[in-house]
Amino acid sequence: MIRSALAICGGVLRRPGLWPTALRQARRLARPGWWRRAPFLPIPPADYLEFRMVTQYGDAAHRAEVDDVVKYLRWCREWERADRPA
């Protein structure tokens, strides 16, 4: 899991245009009170991640793939832009 998380972070770090979107999504998806419980990282709850892996890949044990996370962040960025009033 750590290797997958590092690969995803590396994939996002190579795309500075996605940094603001990645930070917003991390804030939105983080467990409430994440700073009070180990591992003290703003990560989503385990049941949410399991649900996302099952809906994306059909298997809760599958790890998120870098390209899929990048595509998701691009989609979020475009959605946010489309949601702004003209």
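Here is how the numbers come out for the structure above:
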read-out	value
Qualifying residues in region 31-86 (those that are in a loop (DSSP other than H, G, I, E, B) and touching a residue at least 60 places away in the same chain (Cβ under 8 Å)) - the one surrounded by the fewest Cβ atoms within 10 Å (Cβ to Cβ)	Arg63
Selection count, region 1-30, where residues are within 18 Å of Glu80 (Cβ to Cβ) and either in a loop (DSSP other than H, G, I, E, B) or charged (D, E, K, R) (or both)	5
Tabulated pairs, region 1-28, first at negative phi, second surrounded by 13 or more Cβ atoms within 10 Å (Cβ to Cβ) and not in a helix (DSSP H, G or I), C-beta under 6 angstrom, 6+ apart or interchain	Ser4/Arg63; Ala26/Pro42
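Just so you know, all these numbers are worked out from the coordinates, no wet-lab data involved. Given the structure is predicted, the values throughout are model-derived calculations rather than measurements. Reconstructed Cβ throughout: ideal geometry from the backbone, glycine too, with neighbour counts over all protein chains shown.
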